[in-house]
Amino acid sequence: MRAMTVPLSGALKRIFGFDAFRPGQEGVVRDVLAGRDVLALMPTGGGKSLCYQLPALLQPGVSLVVSPLIALMQDQVRQLQDNDISATFINSSIEPAEISRRLKGLLRGDYKLVYLAPERLVLTEFLDGPLNSLSAGLGINAFVIDEAHCVSEWGHDFRPEYRQLSTLRRRHPQVPLLAFTATATPRVRTDIIGQLALRDPAVHLASFNRPNLFYRVRPKSKHSYGDLLAQARAGGAGIVYCLSRRRVDEVTSQLQTDGVRVLPYHAGLDGQTRRDNQEAFIRDDVQIIVATIAFGMGINKPDVRWVIHYDLPKSLESYYQESGRAGRDGDPAYCTLFFGASDIRTAEFLIQQKIDPNTGEPLENEQRIARQQLRQVLNYAESSDCRRAIQLHYFDEAFTGPCDACDNCCEPRTTHDYSVEARQFLSCIARLAQRGERFGAAYIIEILRGARTERLQSRGHDSLSVYGIGKDRSVQEWRSLARSLMHQRLIGQSQDGYSALSLN
């Protein structure tokens, strides 16, 4: 029985208790049931898990789900078991004897969904043993790649082991591959399709707009902790993201001293402590979790009322994902980013730590990508344009502000007419394009301000008609204008790490 004849609404109600699908879900479910490869992008809280769980239960065989985090797969399996759905996980948190027992159950057909870490799934002994036996016996109805952005080095949480998952396509070409993620730019989407060898996939793109979230950026200062404490005392469950373990421990200690129910979460804590702290937050035993970015992927807590980034996020994609853990229930929630110059120095230091572990040489490509991502975050933080429009533009989704739900729209700054300067900036890009050349904003600003650098003069750019016509404007003013032109989609920026500009 194929997708169009399956009574999906009845199955949805019977299995999960929902009266209707959320926007976008039914189309994905039908394509999965039709046996197609799928790439589905649905925002946090959009219900992407149901899109592969329901088809798994309506088809013979088992769905094998790749998940990047132990806590994430445990959370998913617990929810399924609470609904009397036969599911389990296999990872390093369980003893070998228990792994053996679950593998035997898998081959007997005891489970409809089995969650595994990517490195386990592509082990030769697993591929040649249980997977081959399963394929020849009960059958595999789908390989599900959850958090599929992890496959791309252009994504916000790249995992090298995800690159090996194309092995599944080569060994089991008849089994559909389903890739799901909450965030992916156009470049990352293309990378996912290529890296996983998806065949003519059905691509489902839900809107990235989360209208219930209010976005704001605040300058980082000596008063920032006071602002955080005031938010905590105002009530509601909250997440505070910090860049380092040390900062997590410091902020947690401060809040505890001030009588706030709070726990830390970072990779320096042992696995059991992390699990206990996450559970305490989900059960509302504590109000706040202070964490590094290791926390939150797939967390099932719909009533988070606010998320504060105490430090600069690594990329706009990361920021969208992390701030999006607020307000999954659809009620109003607040996302605040504290930004200061010291964050830039810290981010640059961390980028410089991206080195080859064997040779100690810089990983130049990774560093270049990270610097472009940092520039995009800085553009967001320093911009006076609609925050929501900037985020949605990043994901190639058109949105015309004002959104009336961000600081720049609700507390607009004083604006100035830069029409002449905008034409000058666009003209400079056009003059360079006539020569077959493209450069980033910093170099274009040098031309406009009449810089006398050897690089500029050796290329003959001091002979351009636009050379020096913008010397009356400061570098910062030109940078602000460049950001605005990008956010308004009048110019585009290459996504290869070099950030060369072009006219749209």
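The values are calculated or read from the model by the stated rules, or taken from the named source; none is laboratory data. Quick caveat, the model's predicted, so the values are computed rather than measured. In this analysis, Cβ positions are derived from the backbone assuming ideal geometry, glycine residues included, and neighbour counts consider all displayed protein chains. Surface areas here come from the heavy atoms of the whole protein model, side chains and all, with no ligands, DNA or RNA. Shrake-Rupley method; radii C 1.70, N 1.55, O 1.52, S 1.80 Å.
For the range 110-124, 3J(HN,Hα) computed residue by residue from phi via the Karplus equation (6.51, -1.76, 1.60; θ = phi - 60°) reads 6, 10, 9, 9, 10, 9, 9, 6, x, 5, 6, 4, 9, 4, 4 Hz, glycine and proline entered as x. Expressed as a whole percent, the accessible area of the range 416-490 that falls on carbon and sulfur atoms is 46 (1.4 Å probe). Among the listed pairs Lys13/Lys48; Lys48/Lys301; Lys220/Lys471; Lys48/Lys104; Lys314/Lys471; Lys48/Lys112, those whose Cα-Cα separation exceeds 25 Å are Lys220/Lys471; Lys48/Lys104; Lys314/Lys471. In a simple Cβ point-charge model (Lys, Arg +1; Asp, Glu -1; nothing else charged), the range 353-424 has a dipole of about 60 debye relative to its Cα centre.
Derived from the Cα gyration tensor, the three semi-axes of the equivalent ellipsoid of the range 260-410 are 26, 25, 13 Å, largest first.
Could you work out the helix-only [θ] at 222 nm for the chain, with each DSSP H run of four or more residues adding -39,500 (n - 2.57) and the total divided by the number of residues, to the nearest 500 deg cm²/dmol? Before the final figure, lay out each step's value.
Details: 21 runs with 208 residues, N = 504.
About -12000 deg cm²/dmol.
Sticking with the crude label model, points 7 Å out along Cα→Cβ, report the distance from Ala197 to Ser93 in nm, one decimal please. Distance between label points: 3.2 nm. Modelled spin labels at Asp331 and Glu161, positioned 7 Å past Cα toward Cβ, are 3.7 nm from each other. With a bin width of 20 angstrom, please list the P(r) values of the chain as percents of all Cα-Cα pairs, from the 0 bin to the one holding the largest distance. Percent of Cα pairs in each bin: 21, 51, 25, 3.
Relative intensity of the range 21-92 on a log10 scale, I(q)/I(0) at q = 0.15, 0.26 Å⁻¹, equals -0.53, -1.41, per a Debye sum over C-alpha point scatterers of equal strength in the absence of solvent.
Could you work out what % of the accessible surface of the range 50-195 is carbon and sulfur, using a 1.4 angstrom probe and leaving DNA, RNA and ligands out of the count? Mind showing how you got there, number by number?
Numbers: 2610 of 5250 Å².
On the range 50-195, the fraction of accessible area on carbon and sulfur atoms equals 50 percent.
Inter-part distance, the range 87-112 to the range 32-67, computed on C-alpha centroids, equals 21 Å. Were the residues from Glu364 through Gln476 laid out at 0.36 nm apart, the gain over their Cα-Cα distance would be 37.6 nm. Computed over protein heavy atoms with a 1.4 Å probe, the accessible surface of the chain works out to 44 Å² per residue. Sequence-ordered 3J(HN,Hα) estimates for the range 397-414 from the Karplus curve with 6.51, -1.76 and 1.60 and θ = phi - 60° stand at 10, 6, 8, 9, x, x, 8, 6, 8, 8, 4, 5, 7, 8, 10, x, 7, 5 Hz, glycine and proline given as x.
Look at the Cα gyration tensor of the range 315-393: its axes a ≥ b ≥ c give a/c of at least 1.5 with a/b over b/c, and that counts as prolate.
With a ≥ b ≥ c the root eigenvalues of the C-alpha gyration tensor of the range 423-492, is it rounded (a/c under 1.5), prolate (a/b larger than b/c) or oblate?
On the way: a/c = 1.93, a/b = 1.29, b/c = 1.49.
Oblate is the answer for the range 423-492, as a/c is 1.5 or above yet b/c matches or exceeds a/b.
In a solvent-free Debye calculation with one equal scatterer on each Cα, what is log10 I(q)/I(0) for the range 284-347 at q = 0.13, 0.23, 0.28 Å⁻¹, listed in the order of the q values? Values, matching the q order: -0.37, -1.04, -1.41.
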